[in-house]
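What follows is a short report on a single structure.
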Amino acid sequence: MSSKPLNIFTQHSRHWRDNRYVYPVVSRRSKGLSIGINLNPDKVCNFDCIYCCVDRRSMPGRVEVNLDDLRGELESMLATVAGGSLWKEPPFDQTPEELRRLNDIAFSGDGEPTSYQKFEEVCQLAARSLEQPALKGVKLVVITNATLLHQARVQSALIFLDAHNGELWAKLDAGTESYYQLVERTAVPFQRVLDNILAAGRLRPIVIQSLFMNIHGQPPPPPEVEAYLARLSHLHSQGCRIKLVQIYTTARNTTEAYVTPLGLSQLQQIAAGVKQLGLAVDTYAGVA
Ligand code: SF4
């Protein structure tokens, strides 16, 4: 893997044309094109991650998601991809040939997607948009901080997604409560996240996404990495089906200037520890 990311991988703008919700992203983690759906245009999140790339210096206030507009944007985006015109416009014209494939529709965006009260409705809407032979195999990915997975309405949505090629990518960036608080700055206890990941992973195979960084120039301390690996090991031993662990670092602007990307060799060291647990792992340097 090159430590110099291609330009296309660092361009993860959530704004495309005049769209309010739907945006295209070429992502190494998706190994192709991911169509993002931003369910948090108000930028509200129950985490305040020090590495978050969402600029919250200005907050738009309460913004309702208009599902009719969202559906229109999604259908238009799928047509743009199917017709090939997306690959003709910058920066997508830089996309390597092997990545010019639609991998997924991802619920992500400027906050925690499962906090959207009509989350299941929007999952159904996205699944319907994929009901055509040419889109068979396109996944519905939920990129989540796992804080709300215990809520019945979210669990119901996940069960729907299980039957519609869904995939859960759950964030786990720490091994200890103190490091978790240092990084995520939230009122949600770490144990809640761990319990939710375990419960979700017992019901379906899940992906764990773990971002590591330098904080004030310091990599995660070795005891923290050990604690993180112990959490993964515990989840695994308790029946959490982890199909992949993604180890990556920051690629874009971060909320706090004292956050900088972790080097490839350090990422690989953490990944080696994950591999020793018998888990599949992918490492991504400086790309999202
Ligand atoms: S959970 Fe995601 S959106 Fe929320 S603060 Fe963290 S990185 Fe940003």
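The values are calculated or read from the model by the stated rules, or taken from the named source; none is laboratory data. Note that this is a predicted model, so its numbers are computed, not measured. Neighbour counts run over all protein chains shown; Cβ positions are idealised from the backbone, glycine included.
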| task | Give me the pairs, please: first residue somewhere in the range 266-283 and among the basic types (Lys, Arg), second residue anywhere and outside any helix (DSSP H, G or I) and buried (at least 21 other Cβ atoms within 10 Å of the Cβ), beta-carbon distance under 8 Å, and either six or more positions apart or on two chains. | result | 275/281
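Test residue 56 against the stated conditions and say whether it is in a loop (DSSP other than H, G, I, E, B), within 15 Å of the ligand (Cβ to nearest atom), modelled with pLDDT under 90 and touching a strand residue (DSSP E or B) at 6+ places or on another chain (Cβ under 9 Å).
Taking the combined requirement at face value, the residue does not satisfy it.
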| remark: The condition from (1) buried (at least 18 other Cβ atoms within 10 Å of the Cβ); (2) within 18 Å of residue 277 (Cα to Cα); (3) out of contact with any Phe, Trp or Tyr (no Cβ under 7 Å at 6 or more places or on another chain) that residue 233 misses is numbered (1)
| query | Can you find even one residue in the range 245-257 that is of a type in the set (D, E, K, R) and at pLDDT below 95? | reply | yes
| request: Could you please give the count of residues in the range 79-94 that are within 24 Å of the chain's Cα centre (by Cα), farther than 22 Å from residue 136 by Cβ and either part of a loop (DSSP other than H, G, I, E, B) or touching a residue at least 60 places away in the same chain (Cβ under 8 Å) (or both)? | output: 4
| How about the range 166-197: which of its residues are closer than 22 Å to residue 270 by Cβ, buried (at least 17 other Cβ atoms within 10 Å of the Cβ) and more than 13 Å from the ligand (Cβ to nearest atom)? | 168, 175, 176, 179, 190, 194, 197
| Could you give every pair whose Cβ atoms fall below 6 Å, whose first residue belongs to the range 37-57 and is more than 20 Å from residue 117 (Cα to Cα), and whose second residue is of a type in the set (Val, Ile, Thr) and crowded, with 16+ Cβ neighbours inside 10 Å, counting only separations of at least 6 or pairs across chains? | 50/183; 50/255; 50/259; 51/250; 51/254; 51/259; 52/255
| message | Can you pull out every residue in the range 145-165 that is more than 16 Å from the ligand (Cβ to nearest atom) and among the aliphatic types (A, V, I, L, M)? | response | 152, 157, 158, 159, 161, 163
| task | From 25, 63, 81, 44, grab the single residue that is in contact with a strand residue (DSSP E or B) (Cβ under 6 Å, 6 or more places away or on another chain), within 16 Å of the ligand (Cβ to nearest atom) and closer than 26 Å to residue 124 by Cα. | result | 25
